1. Looking at region 163-175, I want the residues that are within 12 Å of residue 193 (Cα to Cα) and have a partner that is assigned to a loop (DSSP other than H, G, I, E, B) and at pLDDT 95 or above with Cβ atoms under 8 Å, at least 6 apart or on another chain. Which pairs are those?
2. Tally time: how many residues in region 225-255 are of a type in the set (S, T, N, Q) and loosely packed, with under 12 Cβ neighbours inside 10 Å?
3. Please count how many residues of region 10-42 are part of a helix (DSSP H, G or I), more than 20 Å from residue 315 (Cβ to Cβ) and in contact with a Leu (Cβ under 8 Å, 6 or more places away or on another chain).
4. Which is surrounded by fewer than 17 Cβ atoms within 10 Å (Cβ to Cβ), under 27 Å from residue 228 (Cα atoms) and of a type in the set (Lys, Arg), of 153, 124, 144?
5. In region 107-117, what count of residues is obtained for those that are touching a helix residue (DSSP H, G or I) at 6+ places or on another chain (Cβ under 8 Å), surrounded by fewer than 21 Cβ atoms within 10 Å (Cβ to Cβ) and either under 21 Å from residue 88 (Cβ atoms) or of a type in the set (Ser, Thr, Tyr) (or both)?
6. From the list 60, 48, 31, 106, which one is more than 18 Å from the chain's Cα centre (by Cα) and among the acidic types (Asp, Glu)?
7. Looking only at region 57-105, how many residues end up being surrounded by fewer than 24 Cβ atoms within 10 Å (Cβ to Cβ) and assigned to a loop (DSSP other than H, G, I, E, B)?
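The values are calculated or read from the model by the stated rules, or taken from the named source; none is laboratory data. As the structure is a prediction and not an experimental result, all values here were calculated from the model. Here Cβ is always computed from backbone atoms with ideal geometry, including for glycine, and neighbour counts include all displayed protein chains.
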Amino acid sequence: MELGIGMFGDLQHNKAGKIQPAKDRLQEIIEEIKLMDQLGVDFFGIGEHHRPDYAVSVPEIVLAAASTVTKTIKLGSAVSVLSSADPVKLYQSFATIDLISNGRVELTAGRGSFIESFPLYGQKLDDYSELFVEKLDLLLKINKENPITWSGKFRPALNNQHVLPRALNDHLSIWIAVGGTPESVERAARLGLPVIFAIIGGSPAQFKPLFKYYRDVYKHYGHDEQKMQIGVHMHSFFGEDSKTVAAYYYPLYSSQMDRVGASRGWPPYQKNQFTHGRSNEGALIIGDANEAIDKILQMEELFGLTRFSAHMDVGGPSHKEMMRSIEIFGDKIAPKVREALKAKS
């Protein structure tokens, strides 16, 4: 099972409510990715957002910068909002980084959890689902064919046109990110694409039927089971002492949940939600190394994973605490998880 770290580029908020400059956070992110690479973390993913509380609107630019200061870590989006993007430009951008990084780049496509990119890029929210289906079709065809002939509803047709440059070995790794909708799970499985589930609330056990559904559909369409890739993305943060890291992280995490929830009509985030999330039945992996090891192994046992992604910057922890959390993940958590899985096999 691959062990990696995901981020959205959350900006830090001080006690007066002042937001950290994006320039500072972007430079911190590059330093954090460098540390991940040095520690042998398997992959890094960065999300796309168009909101004032996030620093990253174009993941591929961050990944391009990271590709020049790292050697082995896989680099990907988490996610690219395909519904509001141009698949041609998206493929070209990621193929370029793939060449710069010597084949270490992945593209994770999703519909996104926010809607700001739709009016920004001139898309209609009424076309939310149709946009994703059509653009995914085009992206996958670009990945398989060159030159390409294609026509659709939302983009001008392509007639025997070359899409360049091509990814290394003429293949770009494309994942699909899903929340909890069976339609999204079915689509990824039918197409034989790797899938990553965002499990950020409630009880992870509730997702088990969706994992089974993915496997059943994947097998039904005759895809090679040896190539099946299934991951989870879960809110995580690590410290030396469980109570200390929870006390530090709760105000940051709850503030971000309230910022997001305000636009969605959610009630204020409560301490009991955080406490339940950190329990064995919850979806948060926030605590010391031993707690994290146990819970990651629990997720692997529950779902049969090939990838685990620790989403580590929710709420904008300080750069110092982020670096410490990354060190704990790379030095203490990942080696023990790998040892346990090796012994199990």
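1. Note: pairs meeting the criteria are 173/194; 174/193; 174/194; 175/193; 175/194; 175/229.
2. Matching residues across region 225-255 total 1.
3. Result for region 10-42: 0.
4. Result: 144 is the single residue among 153, 124, 144 that is surrounded by fewer than 17 Cβ atoms within 10 Å (Cβ to Cβ), under 27 Å from residue 228 (Cα atoms) and of a type in the set (Lys, Arg).
5. Within region 107-117, residues that are touching a helix residue (DSSP H, G or I) at 6+ places or on another chain (Cβ under 8 Å), surrounded by fewer than 21 Cβ atoms within 10 Å (Cβ to Cβ) and either under 21 Å from residue 88 (Cβ atoms) or of a type in the set (Ser, Thr, Tyr) (or both) number 1.
6. Testing whether each residue is more than 18 Å from the chain's Cα centre (by Cα) and among the acidic types (Asp, Glu) leaves just 31.
7. So the answer is 14.
Residue-by-condition table, conditions (1) surrounded by 22 or more Cβ atoms within 10 Å (Cβ to Cβ); (2) part of a helix (DSSP H, G or I):
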| site | (1), (2) |
| --- | --- |
| 308 | yes, no |
| 316 | yes, no |
| 321 | no, yes |
| 325 | yes, yes |
| 330 | no, yes |
| 340 | no, yes |
